[in-house]
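Worksheet: one structure, shown below.
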Amino acid sequence: MEQKFKIGDVVTLKSGGVPMTIVNDKLANDLLLGETFNGYYHCSWFEGTKNKRGNFSQDSLEPKS
């Protein structure tokens with residue numbers, strides 16, 4: 001799967017929500033290909049003063065407009 005975003009990009013969920021920053025791309029180990037993108041990103045965002053983090057599918061994200 002080809003990556004649409006890179007670390008540092010600001011994205012939102014397609015369903016809405018707060019802006020989130022991509023802090024890591026999730027890699028999987030493939031015996032033949034080595035590390036490959038597995039379709040998920042680790043994102044960080046703030047809810048008030050609390051820093052939240054979570055993993056999101058590439059298909060659920062869009063660039064912040």
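What follows is calculated from the coordinates using simple rules that are stated; it is not laboratory data. Keep in mind that what you see is a predicted model, and the values were worked out from it rather than measured. Here Cβ is always computed from backbone atoms with ideal geometry, including for glycine, and neighbour counts include all displayed protein chains.
Just a few scattered comments:
- Relative contact order, whole percent, for the chain stands at 33, derived from Cα pairs under 8 Å and 6 or more residues apart.
- Debye log10 I(q)/I(0) at q = 0.26 Å⁻¹ for the chain, Cα point scatterers: -1.12
- Most to least packed among 43-52, 15-24 [average Cβ atoms within 10 Å]: 15-24, 43-52
- Gain in span if fully extended, residue 65 to residue 38, counting 0.36 nm per residue against the direct Cα distance: 7.2 nm
- Spacing of the two label points (7 Å from each Cα toward its C-beta) at residue 6 and residue 50, in nm: 3.3 nm
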